[in-house]
1. Counting only residues that are part of a helix (DSSP H, G or I) and in contact with a Gly (Cβ under 9 Å, 6 or more places away or on another chain), which one in the stretch 59-75 is nearest to Tyr108 (Cα to Cα)?
2. Please give the number of the condition Asp78 fails out of (1) open to solvent by less than 60 Å² (accessible area, probe 1.4 Å); (2) outside any helix (DSSP H, G or I).
3. For the stretch 59-89: of the residues being basic (Lys, Arg) and within 23 Å of Gly128 (Cβ to Cβ), which is farthest from the chain's Cα centre (by Cα)?
4. Looking only at the stretch 84-136, filter to residues that are closer than 19 Å to His30 by Cα and either assigned to a helix (DSSP H, G or I) or free of Cβ contacts under 8 Å to residues at least 12 places away in the same chain (or both); which one of those is most open to solvent (accessible area, probe 1.4 Å)?
5. Name every residue in the stretch 41-62 that is buried (at least 19 other Cβ atoms within 10 Å of the Cβ) and either touching a His at 6+ places or on another chain (Cβ under 7 Å) or touching a residue at least 40 places away in the same chain (Cβ under 8 Å) (or both), in order of residue number.
6. Could you say whether any residue in the stretch 21-31 is more than 19 Å from Val131 (Cβ to Cβ), modelled with pLDDT of 95 or more, out of contact with any Lys or Arg (no Cβ under 8 Å at 6 or more places or on another chain) and not in a loop (DSSP other than H, G, I, E, B)?
Amino acid sequence: MGTVATTVAGLRRLCQDRHVRRTVLIVDDHAEFRASAAELLEAEGFDVVGAAPDAARAIERTLSLRPEIVLVDVQLPDRDGFALAARLAQEPHPPQIVLISGRDRAAYGRRVARAPVRGFIAKRDLTGAAVSALVT
């Protein structure tokens with residue numbers, strides 16, 4: 001019994017360790033932004049497990065990679081980010097979705113508040129701290 005208690009306590013400490021990196025998938029149609037966002041988030045303690053240039057590949061990669069967080073550009077070539085967020089939210093264990101855009105939140109009015117997302121970050125304001133402030 002002592003071994004089980006020790007193992008459980010050790011796992012609990014590991015899960016609470018600030019060094020456990022949150023997994024992220026970045027969805028944006030601009031390769032340069034995907035690369036710079038990945039570099040920034042990796043440097044700030046996240047584990048970027050993948051990226052996708054459009055909604056179709058974002059769905060595939062979300063299902064295969066199972067990231068905890070998906071950053072979704074509002075303007076994608078095949079579907080807008082709001083529709084993608086709604087689709088991902090239907091999964092049995094959906095990721096936490098954060099919308100991103102080159103525009104300000106005000107440009108999308110109440111759509112952000114009605115979307116199944118944790119929040120919105122303008123691309124110029126993207127930081128690890130901004131993402132952490134929105135996800136649980």
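1. Thr62
2. Of (1) open to solvent by less than 60 Å² (accessible area, probe 1.4 Å); (2) outside any helix (DSSP H, G or I), only one is false for Asp78: (1).
3. Start the filter on the stretch 59-89 by keeping residues that are basic (Lys, Arg), which leaves 61, 66, 79, 87.
After this cut, where a residue has to be within 23 Å of Gly128 (Cβ to Cβ) as well, the list is 61, 66.
Numbers: Arg61: 12, Arg66: 10 Å.
Ranking the qualifying residues of the stretch 59-89, first place goes to Arg61.
4. Ranking the qualifying residues of the stretch 84-136, first place goes to Arg124.
5. Matches in the stretch 41-62: Leu41, Phe46.
6. Yes, the conditions are met somewhere in the stretch 21-31.
The values are calculated or read from the model by the stated rules, or taken from the named source; none is laboratory data. What you see is a predicted model, and the numbers here were worked out from it, not measured in a lab. So basically every Cβ, Gly included, is an ideal-geometry build from the backbone, and we count neighbours across all protein chains shown. Side chains are part of the model used for accessible areas, which takes the heavy atoms of the whole protein and leaves out ligands, DNA and RNA. Shrake-Rupley method; radii C 1.70, N 1.55, O 1.52, S 1.80 Å.
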